[in-house]
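The values are calculated or read from the model by the stated rules, or taken from the named source; none is laboratory data. This one's a predicted model, so the numbers in the text were calculated from it and none came from an experiment. As a convention, Cβ positions derive from the backbone with ideal geometry for all residues, glycine included, and neighbour counts pool all protein chains shown.
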Amino acid sequence: MTQKTEGGDVRLAGISKTYGSFTAVHPLDLTVPQGSFFALLGASGCGKTTTLRMIAGLEDPSTGTVSLGDTDVTHLPPYKRPVNTVFQSYALFPHLDISENVAFGLRRRGIKSVKKQVDDMLDLVQLGQFAKRKPHQLSGGQQQRVAVARALINHPQVLLLDEPLGALDLKLRRQMQLELKRIQTEVGITFVHVTHDQEEAMTMADQVAVMNGGRVEQLGAPADLYENPKTTFVANFLGTSNLIEAEVASTTSDVVTVTCGGAKLKLPNARCQAQTATGDKLLVGVRPEKVSIAHADDADSIPDGRNRITGRITASSFIGVSTQFIVDSPACADFDVYVQNIERDSRLAPGAEVVLHWNPEHTFGLDADQAIDAGVQSVEDAS
Amino acid sequence: MAVVKWLRRNLVVIAGLLTLAYMILPNVVVMVFSFNKPNGRFNYAWQQFSTDAWADPCGVADLCGSLALSLQLAAWATLGATILGTMIAFALVRYRFRARGAINSLIFLPMAMPEVVMAASLLTLFLNMGAPLGFWTVLIAHIMFCLSFVVTAVKARVMSMDPRLEEAARDLYAGPVQTFVRVTLPIAAPGIAAGALLAFSLSFDDFIITNFNAGSTVTFPMFVWGSAQRGTPVQINVIGTAMFVIAVLVVLGGQFIASRRKNSASPK
């Protein structure tokens, strides 16, 4: 099972795809290291599936090349690439039973004795007793595992997963996320996973490429992307960010000081993604869970050296482990704050005057020349 | 009161049985009269039970010859119409090409046009071309009108097919031919089979177009029509009954196989 195939990295060089006048994927360079779990994350229509299909060979790139290790596979048809795909709708063959579905790839390559391999693979995905059933007799989660088994049995150099968990309900999806991660660790094959679910991407992947409008916005490890977003799209699409429009007041080599709505905020110069000359506009961001909230009466007890903003609570919602506050402040109209329910202050109710404060180290700065609400997910996008 | 209640509860079943009887009754009459021993040439009044006709189904001159010709015609027409129709259906669903819309609607013309009009215009065409009327003109005509039925049946099936299944096959090392043979064809098979069955029965049964374009060739429906002028031999009923029984057996056999396949695949 753990047989390592000679392969190496998946390398996309200047790859793009245009349909008539519409550009689905802008020229893109991407390297997926061998053996890694790589996620392409983005909203629908961002070009992530097209990118995946170009790796699979189901779509011809308009420009650029696809290489596996040292081999250029750009012009190889899909059936000649050592790459297999788990499709969004699973695409199991309805006229074949489960074991024949799984054996399909082996048989096409002329391998006669497939029984042992098929049985082993079905055991790996815990479907041994279903070998003789037809796909429509299985539940969604089971079909999904068959689709994974059918692809993995061929020991591809790269396994492509196109929103493989999209059709499952939340609980099953969590379970399958862990399952897929387990299988990936066990077989050591490179996984490229396409998803619109940022939580899924962060839980499963070693590396995430956030795509937007046919371009990769940012590439990195999940924690790195979350802590150091380079664009407002990434800041808003991965989790939630409070973005404040501010003006640079002074800059040293370490610290940038900005003003907004009468407040003075500090942030590390290293975490600024834009020019910070005095007078420049800057978007200042902080994640809601990094912020502490104190009633205005207790303002004196806040330690020195923290960024602070005053405001009034407009809404609060209690969700068990934490409470979410929305605070209206002169600096920012809807400031989100998540507070762990360790000790609850009963004075923190809508209408209360509060002081928000956080460690300046947790602040990041973004170029003010971009839409402040890029990547904010509205209700329609969520599906 | 009890009767009304019983009626109300079983109304659907009764209506169903009546409809079935309405459809089956003509076949039953044909069947019963195949065991008749008529007085004179016309087999329209019951005389006495006899198996004479069953013992000698080819006893009437030219009957079995015309039957063989009809079966042969139907087989070739089915083959031709099914192959062509399947290809047309795939082309219409899968590809975008010029005049696709026009072909899409024109293909239904033979279904919509009165048969006698089509028969007459085909005859005009063949005469003007100087084509000798006979087996080949009839075959060409049959393939033509069977085509639209095959296209309709196969198209419905192909449209409901997920194109990702073929992508999955290509992704799993199946080349274009393998993909077609292993995935596309088996999944489209029920539609193709339905189209082929339709084509067979339409061709076997056709009278009007055949009569116009057959020249001196005589098919089974033409034979029945021709002999009905002079008298109806019992053998016609025998052939009719045999066709009916064979058709029913084929359907039952198909259902039996399907249900067995379903049972063996279901959880134990």
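Inspect all residues belonging to the range A:265-282 and state whether any of them is loosely packed, with under 15 Cβ neighbours inside 10 Å, under 30 Å from A:Glu200 (Cα atoms), more than 23 Å from the chain's Cα centre (by Cα) and at pLDDT below 90. It would help to see each step written out before you state the result.
Taking the range A:265-282 and keeping what is loosely packed, with under 15 Cβ neighbours inside 10 Å, we get A:269-270, A:275, A:277-279, A:281.
Those left that are additionally under 30 Å from A:Glu200 (Cα atoms): A:270.
So of that shortlist, the ones also more than 23 Å from the chain's Cα centre (by Cα) come out as A:270.
Then keep just the ones that are at pLDDT below 90; that gives A:270.
Checked the range A:265-282: at least one residue is loosely packed, with under 15 Cβ neighbours inside 10 Å, under 30 Å from A:Glu200 (Cα atoms), more than 23 Å from the chain's Cα centre (by Cα) and at pLDDT below 90.
Could you tell me which numbered condition A:Ala91 fails, if it satisfies all but one of (1) touching a Leu at 6+ places or on another chain (Cβ under 9 Å); (2) within 13 Å of chain B (Cβ to nearest Cβ); (3) at negative phi?
Unmet for A:Ala91, out of (1) touching a Leu at 6+ places or on another chain (Cβ under 9 Å); (2) within 13 Å of chain B (Cβ to nearest Cβ); (3) at negative phi: (3).
Criterion first (polar (S, T, N, Q), closer than 21 Å to A:Tyr338 by Cβ and buried (at least 20 other Cβ atoms within 10 Å of the Cβ)) does A:Asn236 satisfy it?
On the way: polar (S, T, N, Q): yes; closer than 21 Å to A:Tyr338 by Cβ: yes; buried (at least 20 other Cβ atoms within 10 Å of the Cβ): yes.
So A:Asn236 passes the test.
Exactly one of (1) aliphatic (A, V, I, L, M); (2) touching a residue at least 24 places away in the same chain (Cβ under 8 Å); (3) assigned by TED's automatic domain parsing to the domain that holds A:Phe38 is unmet by A:Ala221. Its number?
In the conditions (1) aliphatic (A, V, I, L, M); (2) touching a residue at least 24 places away in the same chain (Cβ under 8 Å); (3) assigned by TED's automatic domain parsing to the domain that holds A:Phe38, A:Ala221 misses (2) alone.
Any residue in the range B:226-253 that is without any contact (Cβ under 8 Å) to a residue 24 or more places away in the chain sitting within a Cβ distance under 8 Å of a residue that is not in a helix (DSSP H, G or I)? List the pairs, counting only those 6 or more apart or interchain.
Qualifying pairs under 8 Å: B:Gly226/B:Val218.
Could you list, in sequence order, the residues of the range A:369-383 that are surrounded by 19 or more Cβ atoms within 10 Å (Cβ to Cβ) and either modelled with pLDDT of 80 or more or assigned to a strand (DSSP E or B) (or both)?
Going through the range A:369-383, the residues surrounded by 19 or more Cβ atoms within 10 Å (Cβ to Cβ) turn out to be A:375.
Matches in the range A:369-383: none.
Having 1 or more residues that are modelled with pLDDT of 90 or more and loosely packed, with under 12 Cβ neighbours inside 10 Å is the bar; report the helices (runs of 4 or more DSSP H) wholly within the range B:1-108 that clear it. Steps first, answer last, please.
On the way: elements: B:2-33, B:52-55, B:63-94, B:100-106.
Here the list reads B:2-33, B:100-106.
Against the condition hydrophobic (A, V, I, L, M, F, W, C) and without any contact (Cβ under 8 Å) to a residue 60 or more places away in the chain, how does A:Leu152 come out, does it pass? Give the steps one after another, and end with the answer.
On the way: hydrophobic (A, V, I, L, M, F, W, C): yes; without any contact (Cβ under 8 Å) to a residue 60 or more places away in the chain: no.
Taking the combined requirement at face value, the residue does not satisfy it.
So how many residues does the range A:99-116 have that are closer than 18 Å to B:Ala174 by Cβ and more than 8 Å from chain B (Cβ to nearest Cβ)? Write out each step before concluding.
Within the range A:99-116, the first condition is being closer than 18 Å to B:Ala174 by Cβ, and the residues that meet it are A:99-112, A:114.
If we keep only those that are more than 8 Å from chain B (Cβ to nearest Cβ) as well, we get A:99-103, A:106-107, A:110-112, A:114.
Residues flagged as closer than 18 Å to B:Ala174 by Cβ and more than 8 Å from chain B (Cβ to nearest Cβ) within the range A:99-116 amount to 11.
Filter the range B:138-154 down to the residues that are surrounded by fewer than 22 Cβ atoms within 10 Å (Cβ to Cβ) and within 14 Å of B:Ala188 (Cβ to Cβ) and list them by number.
Hit for the range B:138-154 is B:Thr152, nothing else.
Look through the range A:41-54, keep the residues that are under 20 Å from A:Ala151 (Cβ atoms) and of a type in the set (A, V, I, L, M, F, W, C), and return whichever of them is farthest from the other protein chains (Cβ to nearest Cβ). Write out each step before concluding.
Taking the range A:41-54 first, the residues under 20 Å from A:Ala151 (Cβ atoms) are A:48-54.
Okay, now just the ones that are also of a type in the set (A, V, I, L, M, F, W, C), so A:52, A:54.
Values: A:Leu52: 11, A:Met54: 13 Å.
Taking the candidates together, the pick is A:Met54.
Scan the range A:330-343 and tell me whether some residue there is among the charged types (D, E, K, R), in the same structural domain as A:Thr276 (by TED's automatic domain parsing), surrounded by 16 or more Cβ atoms within 10 Å (Cβ to Cβ) and in a strand (DSSP E or B).
Our first condition is that a residue be among the charged types (D, E, K, R); within the range A:330-343, this holds for A:334, A:336, A:343.
Of the ones still in play, those that are also in the same structural domain as A:Thr276 (by TED's automatic domain parsing) are A:334, A:336, A:343.
Now restrict to residues that are surrounded by 16 or more Cβ atoms within 10 Å (Cβ to Cβ): A:336.
Add one more test, that the residue is in a strand (DSSP E or B), and what stays is A:336.
Yes: the range A:330-343 contains one or more residues that are among the charged types (D, E, K, R), in the same structural domain as A:Thr276 (by TED's automatic domain parsing), surrounded by 16 or more Cβ atoms within 10 Å (Cβ to Cβ) and in a strand (DSSP E or B).
Taking the conditions exactly as written (crowded, with 17+ Cβ neighbours inside 10 Å, touching a Pro at 6+ places or on another chain (Cβ under 7 Å) and facing chain B (nearest Cβ under 9 Å)), does A:Gly57 satisfy them or not?
Yes: the conditions hold for A:Gly57.
Considering only the range A:295-337, how many residues are closer than 21 Å to A:Leu283 by Cα and either of a type in the set (D, E, K, R) or touching an Asp or Glu at 6+ places or on another chain (Cβ under 9 Å) (or both)? Show your work before the answer.
First, the residues of the range A:295-337 that are closer than 21 Å to A:Leu283 by Cα: A:305-311, A:326-337.
Those still in the list that are either of a type in the set (D, E, K, R) or touching an Asp or Glu at 6+ places or on another chain (Cβ under 9 Å) (or both) too: A:306, A:308, A:310-311, A:326-328, A:331-332, A:334-337.
Counting residues in the range A:295-337 that are closer than 21 Å to A:Leu283 by Cα and either of a type in the set (D, E, K, R) or touching an Asp or Glu at 6+ places or on another chain (Cβ under 9 Å) (or both) gives 13.
From the residues in the range B:115-162 that are in a loop (DSSP other than H, G, I, E, B) and within 14 Å of chain A (Cβ to nearest Cβ), which one is farthest from the chain's Cα centre (by Cα)? Explain how you work it out, then say what you get.
Initially, the range B:115-162 is screened for residues in a loop (DSSP other than H, G, I, E, B), giving B:130-134, B:160-162.
Now drop any that are not within 14 Å of chain A (Cβ to nearest Cβ), which leaves B:160-162.
On the way: B:Ser160: 24, B:Met161: 25, B:Asp162: 29 Å.
It comes out as B:Asp162.
Within the range A:188-206, can one find any residue that is without any contact (Cβ under 8 Å) to a residue 40 or more places away in the chain, β-branched (Val, Ile, Thr), assigned by TED's automatic domain parsing to the domain that holds A:Gly42 and touching a helix residue (DSSP H, G or I) at 6+ places or on another chain (Cβ under 9 Å)?
For the range A:188-206, residues without any contact (Cβ under 8 Å) to a residue 40 or more places away in the chain, β-branched (Val, Ile, Thr), assigned by TED's automatic domain parsing to the domain that holds A:Gly42 and touching a helix residue (DSSP H, G or I) at 6+ places or on another chain (Cβ under 9 Å): present.
From the set of residues in the range A:68-88 that are more than 9 Å from chain B (Cβ to nearest Cβ) and in contact (Cβ under 8 Å) with a residue 60 or more places away in the chain, which is farthest from A:Val146 (Cα to Cα)? So that I can check it myself, show each step before the final result.
Keep residues of the range A:68-88 that are more than 9 Å from chain B (Cβ to nearest Cβ), which gives A:68-76, A:82, A:86.
Next, from what is left, pick out any that are in contact (Cβ under 8 Å) with a residue 60 or more places away in the chain: A:68-70, A:82, A:86.
Numbers: A:Leu68: 26, A:Gly69: 28, A:Asp70: 31, A:Pro82: 19, A:Val86: 9 Å.
Filtering first and then ranking leaves A:Asp70.
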